[in-house]
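The values are calculated or read from the model by the stated rules, or taken from the named source; none is laboratory data. Bear in mind the structure is a predicted one, so any value in this text is a computation, not a measurement. Positions of Cβ are backbone-derived with ideal geometry, glycine not excepted, and every protein chain shown enters the neighbour counts.
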Amino acid sequence: MRCPYCGSQDSQVKDSRPAEDGAAIRRRRVCPDCSGRFTTFERVQLRELHVLKKSGKRVPFVRDKLARSIEIALRKRPVDPQRVERMISGIVRRLEQMGEPEVRSDVIGAMVMEALRGLDDVAYVRFASVYRDFAEASDFESVIGELARTHKDGSIAAVVAEPSLDEGDSDDK
């Protein structure tokens, strides 16, 4: 494994352990040249996946890109990172099990929407606003209405009562 600090071709594994409920292996490594320490993860990859974009462009599927888009939707939300990792792994596993070498981007988006709906209402609305390309306030109203219908008591208090992210908010709160 190449060292991310000095680029040396050699690194030594100092510790290995299961991660993500056994779906990956976490390895702590050290570079013998610069003594830099870093962590790598090994995951099973059943097949090479490609994403077919709306524009018709075909690009390799990148798990980290999926994770980043989900993390943006979950920004400042009280969700356990392990649940998020399990959700991402589940989506990737479902995509690989489809058996197709190419997956349309809207299929991936629908899987993320479904998973976020069960995880966090606010993150669901945030992701939906980008995924569905909201243009007006009525677009938000319809998604919040969908959520309200899925809650037993019909209340949308959990979605509407969220504090807004003011321009003065910082990430270190």
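Taking the conditions (1) at pLDDT 85 or above; (2) surrounded by fewer than 19 Cβ atoms within 10 Å (Cβ to Cβ); (3) not aliphatic (A, V, I, L, M) in turn, Gly99 satisfies each one other than (1).
The rows are residues; the columns are (1) over 23 Å from Gly22 (Cα atoms); (2) outside the structural domain of Lys57 (by TED's automatic domain parsing); (3) of a type in the set (Asp, Glu); (4) under 12 Å from the mean Cα position of the chain (by Cα).
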position	(1), (2), (3), (4)
Glu85	no, no, yes, yes
Gly90	no, no, no, yes
Val103	yes, no, no, no
Ala115	no, no, no, yes
Ala123	yes, no, no, yes
Arg126	yes, no, no, no
Glu136	yes, no, yes, no
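Within region 123-130, is even one residue outside any helix (DSSP H, G or I) and among the β-branched types (Val, Ile, Thr)?
No, because not a single residue in region 123-130 is outside any helix (DSSP H, G or I) and among the β-branched types (Val, Ile, Thr).
Inspect region 80-97 for any residue being part of a loop (DSSP other than H, G, I, E, B), of a type outside the set (A, V, I, L, M, F, W, C), touching a residue at least 24 places away in the same chain (Cβ under 8 Å) and over 19 Å from Asp121 (Cβ atoms) and give the result as yes or no. Let's see the steps before the verdict.
Restricting attention to region 80-97, the residues satisfying the condition of being part of a loop (DSSP other than H, G, I, E, B) are 80.
Still in the list and also of a type outside the set (A, V, I, L, M, F, W, C): 80.
Subset that is touching a residue at least 24 places away in the same chain (Cβ under 8 Å): none.
No, the conditions are met nowhere in region 80-97.
For region 50-72, the candidate set comprises residues that are assigned to a loop (DSSP other than H, G, I, E, B) and more than 13 Å from Ile91 (Cα to Cα); within that set, the residue that is modelled with the lowest pLDDT is Lys54.
One line per residue, one yes/no per condition, for (1) at negative phi; (2) loosely packed, with under 11 Cβ neighbours inside 10 Å; (3) among the aromatic types (Phe, Trp, Tyr):
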position	(1), (2), (3)
Ala23	yes, no, no
Arg37	yes, no, no
Phe41	yes, no, yes
Val51	yes, no, no
Lys57	yes, yes, no
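Only one of these is hydrophobic (A, V, I, L, M, F, W, C), closer than 30 Å to Arg132 by Cα and touching a residue at least 24 places away in the same chain (Cβ under 8 Å): Val59, Val107, Val103. Name it. Even if it seems obvious, please write down each step before you answer.
Values: Val59 fails: touching a residue at least 24 places away in the same chain (Cβ under 8 Å); Val107 fails: touching a residue at least 24 places away in the same chain (Cβ under 8 Å).
Val103 is the lone residue from the list that is hydrophobic (A, V, I, L, M, F, W, C), closer than 30 Å to Arg132 by Cα and touching a residue at least 24 places away in the same chain (Cβ under 8 Å).
For Ser16, the criteria (1) among the small types (Gly, Ala, Ser); (2) assigned to a strand (DSSP E or B); (3) exposed (fewer than 11 other Cβ atoms within 10 Å of the Cβ) hold in every case but one, which is (3).
If you filter region 59-81 down to residues that are surrounded by fewer than 11 Cβ atoms within 10 Å (Cβ to Cβ) and under 16 Å from Glu20 (Cα atoms), you find that the one that is farthest from the chain's Cα centre (by Cα) is Asp80.
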